[in-house]
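Asker: I have a structure I would like to understand better, so I am pasting it below and will then ask my questions one at a time.
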Amino acid sequence: MPTFQFEAMDSSGQEIKDVLEAPNEEEAQAVIRQMGYFVTKISVKKSRGKTTAASGSKQKKKPGRSFSIGGVNMKQLTAFTRQLSILQDAGLPILRSLNILEKQSRPGPLKNSLMDVCDEIEAGSTLSEAMSKSPKAFNRLYVNMIKAGEAGGALEVILRRLAEFQERSLALRRKIKGALIYPVVVVCVAVVILALIMLFIVPQFVKIFADFNVELPVMTLMLMAMSDAVVDLWFLIPLIPISIWLFVKLMRMFEAGRMGWDLFMLKLPIFGALVEKTVVARTTRTLGTLISSGVPILEALNITRETAGNAMFEKMFAQVSESIREGESIAVPLRAGARPDFSPMACLFWFMFIGGPIGLVIYMMKMNQRVVDDLTVNMVDVGEETGELDTMLYKVADTYDEEVTVLTDSLMSLMEPLMIIFLGGAVGFIVISLFMPLVKLIEGLSAQ
């Protein structure tokens with residue numbers, strides 16, 4: 001049977017180059033159209049020696065893998081999953097789909113991982129087994145959902161659910177990052193401007209005041225003291241935030257330190273609610289997606305625990321898993337495990353970052369507040385009673401996604417006036433402190 005080499009365009013306008021075997025050119029074009037491609041060029045591929053074109057295509061040496069560092073970008077993985085689900089819906093074999101997506105991918109971790117997956121499948125592995133050998137691209141959640149899809153014969157459905165899950169997670173992450181960019185940029189610019197004023201402008205006024213021997217008010221003396229401190233210790237401006245970041249990073253390497261920091265973040269005023277709702281939305285959507293895909297409940301809970309990204313939620317899901325092994329439902333241990341215990345490291349972080357003794361008082365007042373509210377527990381309970389646990393978990397995730405959106409918009413609306421007040425107050429303090437002695441100086445010169 002002859003082998004045809006063809007060039008075609010897919011529905012998005014992407015150029016496709018591949019080969020296929022067919023009795024004649026008409027049937028080859030018909031097969032290509034069934035794949036959803038528009039043929040632009042087709043010709044019979046010439047054989048080389050005794051090796052047929054098909055075997056030559058199979059033995060063709062693949063290009064070398066490019067050097068890459070780190071894992072696969074979440075945006076790239078989400079786009080890959082959506083494209084793979086579309087190709088599977090169109091009825092293409094999984095290996096051909098992966099080869100098409102691998103050729104379209106840019107050099108990097110994802111392309112290297114897809115090459116490895118294709119090699120494993122050609123060697124006889126299943127898709128889930130092949131993906132499990134590329135953990136930089138496909139985590140445990142991804143692999144287990146693929147495995148469940150293979151076992152149930154509904155891989156295209158699982159890929160569609162996985163793509164929707166990743167798209168929602170990516171949208172939530174973008175929303176939170178977008179909300180944080182504005183205040184971070186404003187604070188950084190404000191710090192730079194105020195530091196420059198303290199370093200270069202205030203010392204010039206100090207020289208003027210010293211030459212004319214003017215009696216300085218308290219505000220001006222305070223400003224001069226701050227300027228002297230900035231001039232002498234200017235290197236601490238970048239060093240302090242870097243030191244804090246390194247200290248937190250070091251503490252999070254230990255189990256107690258990680259638990260303390262995550263509890264500190266969950267109980268922060270204003271921002272703590274945003275962190276809590278984000279984690280609840282992500283974990284409930286993960287668990288719902290796994291259960292609806294046919295992953296066993298204990299395996300689904302373990303995967304959700306590993307991908308929670310918060311030590312308090314990891315501990316809670318571990319307790320739920322232990323209770324289920326003993327024959328209990330999810331709702332009861334979820335309600336009990338959602339109440340944090342006392343954490344000495346959380347106390348330390350509150351003391352260091354939130355006003356010393358005041359921070360300790362606030363922590364003791366908020367220490368026993370649950371991280372999962374009654375709404376979530378009750379909906380999980382109803383889901384277990386009705387056999388619609390995955391549906392209820394999706395509803396909880398959707399509810400918290402909306403709350404995150406509302407809270408993010410509210411924080412953005414609140415941040416703008418607060419930043420304006422802060423900058424206006426700082427600039428006003430500097431201007432008043434510098435001009436009060438100047439007014440006295442002018443009045444003295446006028447009197448003379």
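The values are calculated or read from the model by the stated rules, or taken from the named source; none is laboratory data. The shown structure was predicted, so the numbers you read here are calculated from the model rather than taken from an experiment. Reconstructed Cβ throughout: ideal geometry from the backbone, glycine too, with neighbour counts over all protein chains shown.
Asker: Picking from 296, 357, 344, 340, which residue would you name as being touching a residue at least 40 places away in the same chain (Cβ under 8 Å) and exposed (fewer than 14 other Cβ atoms within 10 Å of the Cβ)?
Answerer: Within the list 296, 357, 344, 340, the selection yields 344.
For (1) under 23 Å from residue 169 (Cα atoms); (2) in a loop (DSSP other than H, G, I, E, B), each residue gets a yes or a no:
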{"position": "264", "(1), (2)": "no, no"}
{"position": "269", "(1), (2)": "no, yes"}
{"position": "273", "(1), (2)": "yes, no"}
{"position": "295", "(1), (2)": "yes, yes"}
{"position": "305", "(1), (2)": "yes, no"}
{"position": "308", "(1), (2)": "yes, yes"}
{"position": "313", "(1), (2)": "yes, no"}
{"position": "317", "(1), (2)": "yes, no"}
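Asker: Can you name the residue in the range 131-144 that is part of a helix (DSSP H, G or I) and within 14 Å of residue 80 (Cβ to Cβ) and, of all such residues, is farthest from the chain's Cα centre (by Cα)?
Answerer: Across the range 131-144, the extreme among qualifying residues is 131.
Asker: Within the range 99-136, restricting attention to residues that are at negative phi and small (Gly, Ala, Ser), which residue is surrounded by the fewest Cβ atoms within 10 Å (Cβ to Cβ)?
Answerer: Among those residues, the one meeting the criterion is 123.
Asker: Restricting the search to the range 325-360, which residues are of a type in the set (Gly, Ala, Ser) and in a loop (DSSP other than H, G, I, E, B)?
Answerer: 327, 329, 338, 343, 355, 356
Conditions (1) loosely packed, with under 11 Cβ neighbours inside 10 Å; (2) farther than 30 Å from residue 88 by Cβ; (3) touching a Leu at 6+ places or on another chain (Cβ under 9 Å), marked per residue:
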residue	(1), (2), (3)
175	no, no, no
198	no, yes, yes
205	no, yes, yes
218	yes, yes, no
231	no, yes, yes
242	yes, yes, no
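Asker: Still on this structure, please answer the following. Determine if the range 40-49 includes at least one residue that is in a loop (DSSP other than H, G, I, E, B), loosely packed, with under 12 Cβ neighbours inside 10 Å and at pLDDT below 70.
Answerer: yes
Asker: While we're here: Hey, among the residues in the range 363-377 that are in contact (Cβ under 8 Å) with a residue 40 or more places away in the chain and not in a loop (DSSP other than H, G, I, E, B), which one's surrounded by the fewest Cβ atoms within 10 Å (Cβ to Cβ)?
Answerer: Looking at the filtered set, the residue picked out is 366.
Asker: In the range 314-330, is there at least one residue being closer than 29 Å to residue 156 by Cβ, of a type outside the set (A, V, I, L, M, F, W, C) and free of Cβ contacts under 8 Å to residues at least 24 places away in the same chain?
Answerer: no
Asker: Which condition number in (1) loosely packed, with under 15 Cβ neighbours inside 10 Å; (2) assigned to a loop (DSSP other than H, G, I, E, B) is the one that residue 322 fails?
Answerer: Of the numbered conditions (1) loosely packed, with under 15 Cβ neighbours inside 10 Å; (2) assigned to a loop (DSSP other than H, G, I, E, B), the odd one out for residue 322 is (2).
Asker: Give me the residue from the range 254-270 that is free of Cβ contacts under 8 Å to residues at least 60 places away in the same chain and either under 19 Å from the mean Cα position of the chain (by Cα) or buried (at least 22 other Cβ atoms within 10 Å of the Cβ) (or both) and, out of that set, nearest to residue 414 (Cα to Cα).
Answerer: 265
Asker: Just the residues that are modelled with pLDDT of 85 or more and more than 16 Å from residue 166 (Cα to Cα), please, taken from the range 59-87.
Answerer: Scanning the range 59-87 gives a single hit, 87.
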